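These notes concern the structure reproduced below.
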Amino acid sequence: MPTDPSERRLEPLWSELRLRPQRDLGGGHQSRVVLATGPDGPVVVKLDPEERVDTAFRSRIELSRRAAALDDAVTGPIEMPAGWVTTAAGFAAVCYPYVEGTSPDTSHRADVERMGTTLASLHRTLASIELPALPPTTALAGAGPPGDHDQPLHGDFGAPNLLTTTDGLRIIDFGDAGTGSIAFELGNSLYLDLFDSWVAGDPERHGRFRTWFLDAYAERAGRGIDTDLVNEATRIRMETLRRWLDQPDQAPPGIRGATPAWHGRLRSFLSDAPAMIDP
């Protein structure tokens, strides 16, 4: 993916979008995120290789668009002159409004509880949206979801895809969205914090996160949580990572393209993490 948003090969794309690139905001192995300006102000542009645009890709964009119309916490796409997805120069671009904010602090109780209540509200919103072409969420590919309640999920609900703003928590990036069980989404969110806590060498931090997050979710949802199913979901998520490491040709680009040293670190995490699942 390009790292310089002003490079010449992207000029046809910026011309099509009628935007001026300003700076690269980063991104992952699969995409880049660029801050650009247009007639109405700053715009965030997510760039992917054009070959990634398929039915599932467009369904995820449509899911975030519909969710944003129903839930103020969701940052949905902006329709551009060419539509919701603009393709040019070998790239696909989806534009979003620029949101000023910072990632929530997962060691801070108020931030974690806000994450739990926001996810409960999001699940209520997503349950009302039907998209037949939406596939299983990325991390569930090849695995059976725990529980029997399948619905659209964000698929990657963790601190990097959330922004704390003056108007509350905002949700971004539905790039891993898909169908699955609520238990899986909760387990996946715990998995994401589990990894961060492992990297920090602080398993007790994850125990606090787990309690604050699940209690806040349950209170907003108005129902109890089957923690056995959530624990199973977290283990399924770890087994998905193990499968990707064993079969990198089936893994996302971020795993497939990682260094052997990073693969070794991920395997160390898989060895240590089970003891941290339900402290």
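Observations
- Of all the options 24, 226, 150, the one that moves most in a Gaussian network model of the chain with Cα springs shorter than 10 angstrom is 226.
- Rounded if a/c under 1.5, otherwise prolate or oblate - region 129-259, Cα gyration tensor axes: rounded
- Note on the chain: with a GNM built from Cα contacts shorter than 10 Å, the maximum mean-square fluctuation among 188, 161, 231 falls on 161.
- Kirkwood Rh and Cα Rg combined as Rg over Rh, evaluated for region 143-220: 0.98
- Heavy-atom surface analysis with a 1.4 Å probe gives the chain a carbon and sulfur content of 47 percent of its accessible area.
- DSSP bridge analysis restricted to the chain gives an antiparallel fraction near 95%, rounded to the nearest 5.
- Membrane-span-like helices in the chain, defined purely by DSSP H runs whose alpha carbon atoms cover 15 Å or more axially and whose average Kyte-Doolittle hydropathy reaches -1.0, are 55-70, 109-126, 182-200, 227-246, 260-272.
- Once you reduce region 247-272 and region 147-187 to the center of their Cα atoms, the two points are 23 Å from each other.
- Take every pair of alpha-carbon atoms less than 8 Å apart whose residues are at least six positions apart; their mean separation over the length of region 21-176 yields a relative contact order of 23 percent.
- What you get for the chain, charging only the Cβ of Lys and Arg (+1) and of Asp and Glu (-1), is a dipole of about 400 debye around the Cα centre.
- Relative contact order, percent, the chain [alpha-carbon distance under 8 Å, six or more residues apart]: 16 percent
- Taking every protein chain into account, the accessible area of region 125-244 amounts to 41 square angstrom per residue (probe 1.4 Å).
- Of 238, 115, 80, the one that fluctuates the most in a GNM where the chain has Cα springs shorter than 10 Å: 80
- Tensor-based shape of region 90-129 (alpha-carbon gyration tensor, a/c under 1.5 rounded, otherwise prolate or oblate): oblate
- Taking every DSSP bridge with both residues inside region 122-279, close to 90 percent are antiparallel.
- All other residues whose Cβ lies under 12 angstrom from that of residue 100 are scored, Lys and Arg at +1 and Asp and Glu at -1, for a net of 0.
- For the chain, taking Cα atoms only, Rg and Dmax work out to 18.7, 54 Å respectively.
- Farthest toward positive dipole pole in region 52-122 [+1 Lys/Arg, -1 Asp/Glu at C-beta], among 121, 55, 84: 55
- Considering only 231, 241, 221, and ranking their Cα positions along the charge dipole of region 197-250 that arises from unit charges at the beta-carbon of Lys, Arg, Asp and Glu, the one farthest toward the positive end is 221.
The values are calculated or read from the model by the stated rules, or taken from the named source; none is laboratory data. Predicted, not measured: the structure shown is a model, and the values here were computed from it. Neighbour counts run over all protein chains shown; Cβ positions are idealised from the backbone, glycine included. With ligands, DNA and RNA removed, areas are computed over all heavy atoms of the protein, side chains included. Shrake-Rupley method; radii C 1.70, N 1.55, O 1.52, S 1.80 Å.
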